[in-house]
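What follows draws every value from the coordinates through simple rules; no lab data is involved. Just so it is clear, the structure is predicted and the values come from calculations on it, not from any experiment. Every residue, glycine among them, receives a Cβ derived from its backbone with ideal geometry; neighbour counts consider all protein chains shown.
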Amino acid sequence: MRATPVLDTHIPAIEPERHIAPVPRITIQAFCETPELAHAVQGGAADRRMARAHVKVSMGGLPAAEEAYRGSATPNVIFIEYNGHANALLEGLDRLSQSCDAGTKVVVVGRVNDIILYRELVRRGVSDYLVAPLAPLDIVASISGLYGASDAKPVGKVVGVIGAKGGVGASTVAHNIGFAIARDLSIDAVVADLDLAFGTAGLDFNQDPPQGIADAVFSPDRVDGAFIDRLLSKCTDHLSLLAAPATLDREYDISPEGFEPIFDTLRASVPYIVLDIPHIWSGWAKRAMLGADDILIVASPDLANLRNAKNMFDLAKSSRPNDRAPMYLLNQVGMPKRPEVKTADFAKALGAEPIASIPFEPQLFGTASNNGQMIAEVAAKHKTADTFLQIAKSITGRTESKKQKNDLLSPLLSKIRGLRK
């Protein structure tokens with residue numbers, strides 16, 4: 001008799017990170033006095049949130065900036081490092097201001113934490129004053145803050161879910177996590193199906209919207225909040241779907257930046273966006289994965305999945321030095337008559353434990369798929385449903401769901417209602 005694989009429901013907590021909005025398409029020039037700041041700016045320029053910005057780093061500090069812009073246009077942002085006397089700094093900035101174009105923002109980096117100096121800089125129109133030493137992420141945060149309104153809503157968090165191999169259930173995982181975030185945690189979320197030709201989100205949520213994500217991809221000039229709202233299909237009170245057309249009447253040749261306007265618009269209005277990224281390797285798929293705030297790789301326990309997961313894991317870690325490492329999940333564990341790579345071998349190769357292991361349950365998942373339902377709708381008390389909820393909690397930082405709070409109070413409420421009768 002084959003032993004039933006144990007479902008791992010202990011999901012490690014994700015450490016909170018600084019939430020920084022992507023920087024718009026701007027030009028930035030830094031004039032540094034020390035190699036340390038030059039290195040930090042270059043590191044910041046390589047960050048995923050700076051992908052659309054053009055950054056140039058020069059040495060020479062304030063004098064070099066004054067010389068560079070005599071008679072020439074200034075960029076959107078000028079970073080200036082100055083470690084000399086405060087009076088000389090203010091005098092140099094006064095001279096530089098005569099060359100600055102309207103709209104140019106100036107950020108000064110120094111080593112003196114002086115509120116009087118800061119006030120003088122602000123009075124002269126300096127946008128920010130940073131105290132060295134600085135890390136690359138400090139540079140990114142400063143630039144991002146220059147273009148984010150102080151009263152704006154928090155930027156939405158993008159979770160990219162992708163399979164290490166086709167057919168490993170990555171779409172099912174993405175849809176169930178989005179469902180748990182929305183229904184069980186009562187947080188507004190959008191599931192975006194990026195597999196335009198063969199996406200299954202519409203089937204899984206039993207939705208057949210007349211419009212979807214393809215309408216936005218092929219009409220980038222029309223993309224704004226109102227346009228995206230019209231394309232969203234309502235699944236629950238807090239969950240909306242940006243469905244794929246799943247038709248073959250056209251070729252879906254998309255530029256690497258094709259989905260960016262959609263993601264930017266969703267970030268501005270939705271707390272969580274779960275991307276169902278198909279298992280293909282193109283410019284846009286790579287950009288969608290690496291541009292997500294959190295990456296979840298779904299793999300089955302075989303050698304090809306191990307190789308692919310490690311390649312994706314290593315690429316994500318090297319391409320995103322200022323972000324936390326990607327997560328991975330083992331799915332379809334314990335399939336009959338299939339030799340499997342042990343979890344310990346995955347952990348050793350990737351240098352990290354999986355956040356969960358989900359057993360092979362063809363009856364459960366097949367029923368949910370054929371009914372257009374999520375696992376929690378088909379079998380609310382099944383351990384797999386709890387696993388998706390625990391992953392959702394881990395991603396969002398929530399420790400308990402609204403539903404659970406009500407369950408804890410229900411005996412007391414029932415007793416009170418009984419006394420009133």
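Taking amide H positions as modeled 1.01 Å from N, with prolines and chain starts lacking one, the residues under 5 Å from Phe79 and 5 or more places away or on another chain are Gln29, Ala30, Phe31, Val107. Sequentially through segment 112-122, phi angles give Karplus couplings (6.51, -1.76, 1.60; θ = phi - 60°) of 10, 8, 10, 5, 5, 4, 4, 5, 5, 5, 4 Hz, Gly and Pro residues having no value and appearing as x. Out of His382, Leu242, Val131, whose Cα points farthest toward the positive end of the dipole of the chain (charges: +1 Lys, Arg; -1 Asp, Glu; placed on Cβ)? So the residue we want is His382.
Please work out how much length the chain gains when fully extended from Ala64 to Arg398, using 0.36 nm per residue of separation minus the C-alpha to C-alpha distance, in nm with one decimal. Difference between extended and current length: 115.3 nm.
In plain terms, the chain from Val131 to Glu91 could stretch by 12.4 nm, reckoned as 0.36 nm per residue minus the Cα-Cα distance. For Cα extents along the principal axes in Å, the listed values are [x] 76, 58, 41; [y] 110, 56, 49; [z] 81, 61, 45; which was obtained by calculation from the structure presented? Only one option fits the structure, namely [z]. Taking the chain as a Gaussian network of alpha-carbon nodes connected by springs under 10 Å, the highest mean-square fluctuation of the residues Asp184, Asp294, Asp114 belongs to Asp114. Annotation: extensible slack from Ala349 through Asp249 equals 31.8 nm (criterion: 0.36 nm per residue apart, minus Cα-Cα distance). Distant-in-sequence amide contacts of Ile358, defined by a placed amide H-H separation under 5 Å and a gap of 5 or more residues or a different chain, comprise Leu330, Asn331, Gln332, Val333.
Modelled this way, with points 7 Å down the Cα-to-C-beta line, the labels at Lys337 and Thr34 are 6.7 nm from one another. Between Tyr272, Tyr129, Tyr147, the GNM of the chain built on Cα springs shorter than 10 angstrom shows Tyr147 fluctuating the most. Principal-axis analysis of the Cα atoms of the chain puts helix 170-179 at an angle of about 80° to the longest axis. As a proxy for reagent exposure, ranking Phe259, Phe31 by other Cβ atoms within 10 Å from fewest up yields Phe259, Phe31.
Residues whose amide H falls under 5 Å from that of Thr74, counting only those 5 or more places apart or on a different chain, are Asp101, with hydrogens built in the peptide plane. The phi-based Karplus calculation (6.51 cos²θ - 1.76 cosθ + 1.60; θ = phi - 60°) puts the 3J(HN,Hα) values of segment 189-200 at 8, 10, 9, 10, 8, 8, 8, 4, 7, 10, x, 10 Hz, whole numbers, x for Gly and Pro. Cross-link reach is defined here as a Cα-Cα straight distance under 19 Å, omitting same-chain residues fewer than 8 places apart; for Lys342 the aspartates and glutamates meeting it are Asp8, Asp302, Glu353, Glu361.
The fewest-to-most ranking of Leu196, Leu242, Leu90 by surrounding Cβ atoms within 10 Å reads Leu90, Leu196, Leu242. Of all the options Val122, Val77, Val333, the one that moves most in a Gaussian network model of the chain with Cα springs shorter than 10 angstrom is Val122. Rounded to the nearest 10 degrees, the angle from helix 303-319 to the longest Cα principal axis of the chain is 20 degrees. Fewest neighbouring Cβ atoms within 10 Å first, the residues Val274, Val223, Val107 line up as Val223, Val107, Val274.
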